[in-house]
Amino acid sequence: VKKGEAVTFLNDDTVPHNILSTAKGNEFNLGSQAPGSSTDVVFKETGAVTVICAIHPRMKMTVTVVD
């Protein structure tokens, strides 16, 4: 994703999730996200951003932010 662009996190599961990142400059915590809900997150700094679910820590992904 390009710096300054948003990624939409959609919970298309049947249980709540709590998506978050602690990456410097790209910190966010969506809180408990109910099934069917979605939230946009703007990534402000370049680099690899690890994103996890605080409820299900085995669920993780990396968003690569470029200029």
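A few comments on the model shown:
- Coupling constants for the stretch 24-39 follow from the phi torsions by the Karplus curve (6.51 cos²θ - 1.76 cosθ + 1.60, θ = phi - 60°), and in residue order they are 3, x, 10, 6, 7, 8, 7, x, 6, 9, 5, x, x, 8, 9, 9 Hz; glycine and proline get x.
- Rounded accessible area per residue of the chain, 1.4 Å, Å²: 63 Å²
- Mean projected area in nm² (Cα convex hull; one quarter of hull surface) for the chain: 3.9 nm²
The values are calculated or read from the model by the stated rules, or taken from the named source; none is laboratory data. Owing to the predicted nature of the structure, the values given are computational and were not obtained by experimental measurement. Note: accessible area is taken over every heavy atom of the protein model, side chains too, but ligands, DNA and RNA are not part of it. Shrake-Rupley method; radii C 1.70, N 1.55, O 1.52, S 1.80 Å.
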